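Asks: There's a structure below that I have some questions on.
The values are calculated or read from the model by the stated rules, or taken from the named source; none is laboratory data. Note that the structure is predicted; figures quoted are calculated from it, not measured. A quick note on method: Cβ atoms are made from the backbone with ideal geometry, for glycine too, and the neighbour counts reach across all protein chains shown.
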Amino acid sequence: MLKNLRHEGYLVLGSIFFAASSIPAKLAMESGLSAWRLTQIRTLGAFLILFTYVFFKNKKSLRIELKELPILIVFGVFGFAAVNVFYFIAILRLNVGIALIIEFTAPIWIALWMRFIQKKAVSKLMWWGLVVGLTGLLLIAQVWRGLTLDGLGIIFALLDALALAVYFLVGEKLVGTKSSEATMAWGLGISSLFFALIQPWWNFPFAKLTEVVDLTGRLEGSSVPTFYLVLWVVLFGTAIPYFLVLNGLRGLSAATSSAIGMLEPVFGGIFAWIFLFEKLTFIQSIGALVVLVGIYLANRARTSI
């Protein structure tokens with residue numbers, strides 16, 4: 001019982017750290033650092049920390065076979081590079097809470113993939129999850145009032161959800177043959193290499209990191225160098241929560257882990273409300289709760305297969 005509580009505590013703390021990182025990330029991008037460059041430095045920093053940890057703990061776990069490389073590349077490019085950059089673009093154009101809610105519809109798309117592509121039988125819960133989740137999204141978007149949300153923001157949030165679905169699907173295959181830590185290290189490493197190829201480090205706007213950012217929201221009147229915001233995203237928004245989540249997943253069922261993971265959009269919305277004064281309308285708040293119910297149902301359907 002106490003062991004389960006400890007693992008659940010790790011997952012809750014991981015969700016809090018991940019959610020809290022949305023605030024410095026958004027402030028860093030509003031200061032002029034692009035989502036692509038922020039993702040680049042985030043994945044590289046987290047890779048160096050995680051790789052060092054795994055290397056000294058069990059370097060043999062980092063060994064791979066040549067046949068594993070293609071799936072690892074997919075995992076790194078879509079599961080880390082795409083998930084992060086699409087998410088950052090989404091929170092720059094939408095409220096943090098809304099972007100996270102849309103991102104976490106990934107289990108719904110996973111359930112659809114399993115039903116129509118993998119041809120697996122799924123329970124009625126999946127269909128209920130789909131209907132409930134999409135209904136919640138319509139409430140969040142307030143479609144009866146026209147396009148009230150940023151169109152590109154919605155598109156990138158949905159792309160983020162699809163990329164997150166790839167992360168879960170491919171990740172489940174990889175952890176069957178490799179340790180979770182080694183899988184994460186490879187994913188972050190390939191993501192870092194991908195960004196180094198498409199936007200070389202010698203063109204990185206390092207001067208941006210030394211610029212002083214005037215904070216907004218509750219912290220208005222304060223200012224910090226952009227580097228501090230980026231450091232928070234790398235350390236407290238990536239490396240530490242990944243360690244917490246990896247340790248929390250051990251000994252817990254997939255259903256329990258998925259349910260606790262749904263706390264991230266809740267915490268993200270709370271932090272954005274406290275620090276950035278971002279808030280949802282009453283209807284959008286109802287929609288967010290409805291989406292969470294849909295995600296939960298879809299998760300239950302997926303883990304019951």
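Asks: Name every residue in the range 115-137 that is in contact with a helix residue (DSSP H, G or I) (Cβ under 7 Å, 6 or more places away or on another chain) and part of a helix (DSSP H, G or I), in order of residue number. If you could, list the steps in order and put the result at the bottom.
Replies: Looking only at the range 115-137, we keep the residues that are in contact with a helix residue (DSSP H, G or I) (Cβ under 7 Å, 6 or more places away or on another chain), and these are 115, 120, 122-123, 125-126, 128-130, 132-133, 135-137.
Those that are in contact with a helix residue (DSSP H, G or I) (Cβ under 7 Å, 6 or more places away or on another chain) and part of a helix (DSSP H, G or I): 115, 125, 126, 128, 129, 130, 132, 133, 135, 136, 137.
Asks: Can you tell me which residue is nearest to residue 194 (Cα to Cα) among those in the range 31-43 that are surrounded by fewer than 20 Cβ atoms within 10 Å (Cβ to Cβ) and at pLDDT 95 or above?
Replies: 36
Asks: For residue 46, which of the numbered conditions (1) within 24 Å of residue 259 (Cβ to Cβ); (2) of a type outside the set (Phe, Trp, Tyr); (3) more than 12 Å from the chain's Cα centre (by Cα); (4) surrounded by 22 or more Cβ atoms within 10 Å (Cβ to Cβ) fails to hold?
Replies: (1)
Asks: Quick one: would you say residue 71 is in a helix (DSSP H, G or I), buried (at least 18 other Cβ atoms within 10 Å of the Cβ) and either among the hydrophobic types (A, V, I, L, M, F, W, C) or at pLDDT below 95 (or both)? Even if it seems obvious, please write down each step before you answer.
Replies: Values: in a helix (DSSP H, G or I): yes; buried (at least 18 other Cβ atoms within 10 Å of the Cβ): no; either among the hydrophobic types (A, V, I, L, M, F, W, C) or at pLDDT below 95 (or both): yes.
Criteria not met by residue 71.
Asks: Among the residues of the range 214-233, how many are crowded, with 19+ Cβ neighbours inside 10 Å, at pLDDT 90 or above and farther than 26 Å from residue 6 by Cβ?
Replies: 4
Asks: Which one is nearest to residue 257 (Cα to Cα) among residues in the range 174-186 that are among the hydroxyl-bearing types (Ser, Thr, Tyr) and in a helix (DSSP H, G or I)?
Replies: 180
Asks: Can I ask one more? Kindly establish whether residue 179 is of a type in the set (Gly, Ala, Ser), in contact with a Ser or Thr (Cβ under 9 Å, 6 or more places away or on another chain), in contact (Cβ under 8 Å) with a residue 12 or more places away in the chain and under 30 Å from residue 276 (Cα atoms).
Replies: So residue 179 fails the test.
Asks: So, one more: Could you check how many residues of the range 30-67 are more than 18 Å from residue 241 (Cα to Cα), assigned to a helix (DSSP H, G or I) and charged (D, E, K, R)?
Replies: Residues flagged as more than 18 Å from residue 241 (Cα to Cα), assigned to a helix (DSSP H, G or I) and charged (D, E, K, R) within the range 30-67 amount to 6.
Conditions (1) surrounded by 18 or more Cβ atoms within 10 Å (Cβ to Cβ); (2) in contact (Cβ under 8 Å) with a residue 40 or more places away in the chain; (3) part of a strand (DSSP E or B); (4) under 14 Å from the mean Cα position of the chain (by Cα), marked per residue:
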| position | (1), (2), (3), (4) |
| --- | --- |
| 164 | yes, yes, no, yes |
| 172 | no, no, no, no |
| 188 | yes, yes, no, yes |
| 192 | yes, yes, no, no |
| 197 | no, no, no, no |
| 239 | yes, yes, no, yes |
| 245 | yes, yes, no, yes |
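Asks: Right, next: Of all residues being at pLDDT below 90 and in a helix (DSSP H, G or I) in the range 140-162, which is surrounded by the most Cβ atoms within 10 Å (Cβ to Cβ)? Just the residue, please.
Replies: Checking each candidate, the answer is 141.
Asks: While we're here: One residue is enough: does the range 107-115 have a residue meeting the conditions among the small types (Gly, Ala, Ser), modelled with pLDDT of 95 or more and surrounded by 20 or more Cβ atoms within 10 Å (Cβ to Cβ)?
Replies: Among the residues of the range 107-115, not one is among the small types (Gly, Ala, Ser), modelled with pLDDT of 95 or more and surrounded by 20 or more Cβ atoms within 10 Å (Cβ to Cβ), which makes the answer no.
Asks: Still on this structure, please answer the following. Hey, could you check the range 117-133 for residues that are of a type in the set (A, V, I, L, M) and exposed (fewer than 15 other Cβ atoms within 10 Å of the Cβ) and say which is nearest to residue 99 (Cα to Cα)?
Replies: The residue in question is 131.
Asks: What pairs come out if I take residues in the range 108-125 that are more than 13 Å from residue 169 (Cα to Cα) and pair them with residues that are surrounded by fewer than 17 Cβ atoms within 10 Å (Cβ to Cβ) and of a type in the set (Gly, Ala, Ser) whose C-beta lies under 7 Å away, six or more apart or interchain?
Replies: Note: pairs meeting the criteria are 123/304.
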